[in-house]
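In what follows, a structure is listed as structure tokens, so that the remarks can point back to it.
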Amino acid sequence: MDQGAKANPEITQLLASALQLMPEAVLVTEVKDGSERIIFLNQAFERLTGYSMDELRGQDPTVLHSLETESLHQLLSSANSEGLPQETVLHRKDGTRFQDRITVSRWRTGGKLYSVQGHADVTQQREIENQLVLSQKREATGHLVSGLAHDFNNLLTAILVYSGLMAPKLENDAQLERYLGEIRAAAERGAQVVAELMNLGREDAAEPEMVDLGEVLGHTSDLLKRILGEDVRLNTVIEPNLYKAKVHEGRIQQVLLNLGINAKDAMPNGGEFRVGLSNQETPPAEVNLSDRSRCVLIEVRDSGTGMDSETCANIFKPFFSTKGKGKGTGLGLFTARTIIEHYHGRICVESQPGKGTTFKILLPASGAVAPVAGSKATLLLVEAEEVDRKSLDATLSQRGYKVLPAADSNQALEVAQSYSGEIALLLANIRMSGIGGPQLGEEILKVRPKIKLLFMDAQGNGSQRRIGDASNFVKKPFSPSVLVHKIEEVLNSPAS
């Protein structure tokens, strides 16, 4: 603005006409004795806030802000003196709020001082930036956790395997048997904590695998209880013989936790949060699943305040939130829907004010090969860590397998070439010096084309990407029964 301009009706009219044509939202105030009064706003500002010129003329601009007069004056002074945009919260006429970016310039003429403010709604931009920062934090956390998890899970595997070997020898000593049970329970809990951190700390880019959703819910229950708090009861109901679904465990946990967070906010005085899992032979027609033969229903119900039909129609939209500023990103349910639809499933909501809310999630069910236990197969075991190799050799031998141990890929190739009998399965660690487990499997298949392959590692997500098939992978740490179950499942699977 030209600070030397003289005030006259022609200049005033020219200023008003120019501001009306500006695409930016503009507000002009007159500054007098430390206070300000609105004298003009353009059509863009009317569209931004819903207020008309007649409604705001003569008003103090604090009617639009969440700031006191003194704080607003300091904000505007800072914006003017530094020549940089400042941000605050602005109110629309309908009561909604948005993140407002203000740029200010001063104009003095005819002995009067005017403040010309440019305003812009940057709410969505800030939300996207916050999500980017959160994503980067999760990625960094994921790299840190996965690096620590590998060694830690190897130690837990040894504890679980050796405690499993000791159990039959302590049947006549109830006290030692109880102590051993506590050791195993602590190791299993440690493995679960690591799995939770890895699932929540990074994006899961691996191929989905066949999972028991009942086990997923069991792994998530402790986290749900912490989120819901003491005043909300968590009830879980799981139908027997539940179908399996091909998903990522971590992503389904994320969906359940997002629903738990929303339910907690809807029950400020406590209530009930119920998660039910059941088989559905014929999904409802409105679900429109591509495979309508059968699916798994996850029904999540809370006894909270409920929602009206308009809110229900919008809750899955990005950045839609009924929570106050700073209490939600509006991305939780959008993310949940994105995850479910990625697995060719559907999520819908039923709610009424005062009657709670129910989310229904339908996921296509997948069949699983039933393992046949009790084989006496010969296994080629490849594990570089001596403590793991010995513990696995001992537990597999105890279960009736003939074990051919090898410390690295070179030894494994020698055994594969020189052993005169049949080798039914290669059990190899993915990460080894020299060639890794998947490359070793390819080399051994050239010598023994009928051999089955099973790989193991402490880092489930990245490891499965390397082998390309979750069905021949077992994640450390595991108990002896879990390992044997997986071995028998692979041995009895159809030849590829």
Only one of GLY304, GLY324, GLY330 is open to solvent by less than 30 Å² (accessible area, probe 1.4 Å), at pLDDT below 85, assigned to a loop (DSSP other than H, G, I, E, B) and of a type outside the set (Asp, Glu); which? GLY330
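Would you say ILE315 is over 23 Å from PRO268 (Cα atoms) and modelled with pLDDT of 85 or more?
no
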Scanning region 384-411 for residues that are free of Cβ contacts under 8 Å to residues at least 60 places away in the same chain and among the acidic types (Asp, Glu), the one farthest from ILE451 (Cα to Cα) turns out to be GLU386
Region 185-213 - residue that is surrounded by 18 or more Cβ atoms within 10 Å (Cβ to Cβ) and at pLDDT 75 or above and, of those, farthest from LYS246 (Cα to Cα): ALA187
For the structure I just gave you, tell me whether SER391 is hydroxyl-bearing (Ser, Thr, Tyr), at pLDDT below 90 and not in a helix (DSSP H, G or I). no
Set GLN411, GLN398: member being of a type in the set (S, T, N, Q) and at pLDDT 90 or above: GLN411
When residues of region 366-388 are filtered for being modelled with pLDDT under 85 and closer than 24 Å to PRO494 by Cβ, how many remain? 11
Can you name every residue in region 224-253 that is open to solvent by less than 30 Å² (accessible area, probe 1.4 Å) and within 21 Å of ILE340 (Cα to Cα)? LEU224, LEU242, ALA245, VAL247, HIS248, GLY250, ARG251, ILE252, GLN253
Confirm whether ILE227 is more than 22 Å from LYS476 (Cβ to Cβ), hydrophobic (A, V, I, L, M, F, W, C) and at pLDDT 80 or above. yes
Being at pLDDT below 85 and not in a loop (DSSP other than H, G, I, E, B) is the filter; apply it to region 445-462 and report the residue that is surrounded by the fewest Cβ atoms within 10 Å (Cβ to Cβ). GLY462
Can you pull out every residue in region 163-176 that is assigned to a helix (DSSP H, G or I) and open to solvent by 90 Å² or more (accessible area, probe 1.4 Å)? MET166, LYS169, GLN175
Being within 22 Å of ILE315 (Cβ to Cβ), hydrophobic (A, V, I, L, M, F, W, C) and under 24 Å from the mean Cα position of the chain (by Cα): is that true of VAL237 here? no
I'm trying to understand the selection: among the residues of region 84-100, which are in a loop (DSSP other than H, G, I, E, B) and of a type in the set (Lys, Arg)? ARG92, LYS93
The one condition TRP107 fails out of (1) at pLDDT 80 or above; (2) more than 30 Å from GLY190 (Cβ to Cβ) is (1)
First in region 218-245 and under 22 Å from ALA191 (Cβ atoms), second anywhere and in a loop (DSSP other than H, G, I, E, B) and open to solvent by 30 Å² or more (accessible area, probe 1.4 Å), Cβ under 8 Å, 6 or more apart: LYS244/ASP212; LYS244/GLY367; LYS244/ALA368
Among the residues of region 395-444, count how many are open to solvent by 60 Å² or more (accessible area, probe 1.4 Å) and in a helix (DSSP H, G or I). 9
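The values are calculated or read from the model by the stated rules, or taken from the named source; none is laboratory data. In this text, all values refer to a predicted model and were calculated from it rather than measured experimentally. In this analysis, Cβ positions are derived from the backbone assuming ideal geometry, glycine residues included, and neighbour counts consider all displayed protein chains. Surface accessibility is based on the protein's heavy atoms, side chains included, excluding ligands, DNA and RNA. Shrake-Rupley method; radii C 1.70, N 1.55, O 1.52, S 1.80 Å.
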